[in-house]
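> Next up is a structure, given as structure tokens.
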Amino acid sequence: MMSAGQTPPSSDITSFRRYCQAMLILRHRLPASAVAEFQVREWLDRKLSGEGAIIRLAGPGAAGRVVTLSKEEESMLDCYFSHARSISLQNQAPGKSDQGRFFLGTDGAPVINLGSDLIRLREKYSAQEPGEMEAAAPTPIPAACASASGSLQGQPPASSATPPMQAGSRVRHWDAFRSAFPVTVHAEPPSRGQCAEAGFTQHRAYYLKWREAQLRLRKVYILEHAVGRRGDKPRLATVQRLLAKETWGSNRPTAEDIMKAWMPPQSASRDEEALLCSVKDQRWKGLAFKDFGEGKGLGVVATMPFQHLQVLCDYHGEVISAAEGNRRQQSGYLFFFRAEGGARLCIDATASPCACHQGMDIFGRRLNHSRSNPNARAKKVTLRYPDGPKEAVIFVALRDISVGEELLWDYGVTRQSFGGGGQRLSVAQQLMLSRGSSTST
């Protein structure tokens, strides 16, 4: 068992991935080509049941095929997706793509030769028959996954006998707890009675994890107000003054801990180049579409962890004048902002696909709304194109985001962003952004 926070060796990640692939090929009799083409979107759209999960495949060689997973199988694949795959994805070189595939090599590229993987797995575990292969499941990665999910305080580590099921169960229960009690800067922690009423009888571990998440959020909150535009280290007196203004009765970070959490800004030239390539190619690492069903429709979820302020994607569309945007107000995808020189512009993302990326759906236009628990915010940036600077609007993480979380942002803003009277807009689709400011409230 690895300790929490450690990254498992790449050899263990590879072994666990190969076992998951073999499980689909040998136990569910799927062609190797179908497993190689297995898409993240198909996994995210699986239907959970008391017995496990049902996946409907749409790729070549298995179109329309339905795969019924047991609870243990679903937990193992969820463990791979939530932890092992996300590690591989973070190793992906700039400009590369996972092509939406579920199974990735350690370099973040799609796995191609599954036949070779199967042979190597057989050789490693000396399994000649499907039943023997299943019995010889490699255990290091599931155990590592259990720790990678963040061992919950006050809860014993997962047993090595069934680590995948326990790891997957813990992650899902924590997601449900966080949905019932959103972690925000000024929220009060849930009481024992509230936890029991929401169905969390064994709530202690999740309660402590909730407080840890809020403590990190409060450190970031104070730093955001203490650090100047140049990103210089804040003065201790400034941090103490900001802390004194807050009425947090408990779960209060110390000024010293906040000072330790500050990190100096890094050179942005390489990041700017990578951002420009992502905007031009509309390739955004760590994102996938998910169908949330009737009433909500399509949304975007994270397929790898994102840190606070990390770029998620852009709001992509036709850049027009604000006056033209006002004439198109029937559209639900208008985004108004003020350019560097003061001109009022608008991004119209109504057309899907857009004229410059035919055949592609755009992540930015699919982010759904949340006023109470957003995890993304919009930000205006200037990108240095070869033919001159151009304005763009990007989404950045409002806090740390976990694998599987839906990306949400607050559509509502005020006219005060443009120096107006400050009244609330009545139409949520009328999205506005002032220079460099957040739309979240």
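Throughout, read-outs are computed from the coordinates displayed, never taken from laboratory work. Computed from a prediction, not measured in an experiment: that's the story for all the values here. Cβ placement follows ideal geometry from the backbone for every residue including glycine, while neighbour counts extend to all protein chains displayed.
> Treating cross-link reach as a plain straight distance, find the lysines whose alpha-carbon is under 29 Å from the alpha-carbon of residue 390, omitting any fewer than eight places away in the same chain.
Partners within reach: 96, 280, 285, 379, 380.
> Return the Rg/Rh ratio of the range 255-405 with Cα-based radii and a Kirkwood Rh.
Taking Rh as the inverse mean 1/r over Cα pairs, Rg/Rh reads 0.98.
> Starting with the fewest neighbours, write out 88, 250 ranked by other beta-carbon atoms found within 10 Å of each beta-carbon.
250, 88
> Additional query: Along each of its three principal axes, how wide is the spread of alpha-carbon positions in the range 192-261, in whole angstrom units, largest first?
46, 20, 18
> Could you go through the range 208-222 in sequence order and give the Karplus-derived ³J(HN,Hα) for each residue, using 6.51 cos²θ - 1.76 cosθ + 1.60 with θ = phi - 60°, rounded to whole Hz, and x for Gly and Pro?
5, 5, 4, 5, 4, 5, 5, 4, 4, 5, 5, 4, 4, 4, 5
> Given N residues in the range 18-61, what is its alpha carbon radius of gyration divided by 2.2 N^0.38 Å?
Output field value: 1.15.
> Let me ask something additional. Could you state the number of Å between the C-alpha centres of the range 233-261 and the range 64-120?
Using only Cα atoms, the two centres lie 42 Å from each other.
> Excluding residues fewer than 8 places away in the same chain, name every one of the aspartates and glutamates whose C-alpha is closer than 19 Å to that of residue 233.
224, 256, 257
> Most exposed first by the Cβ proxy, i.e. fewest other Cβ within 10 Å, how do 393, 301 rank?
Result, fewest neighbours first: 301, 393.
> Additional query: Through the Karplus equation 6.51 cos²θ - 1.76 cosθ + 1.60, θ set to phi - 60°, convert the phi angles of the range 377-393 into ³J(HN,Hα) values in whole Hz; use x for Gly and Pro.
9, 8, 8, 7, 9, 10, 9, 8, 6, x, 9, x, x, 9, 7, 8, 10
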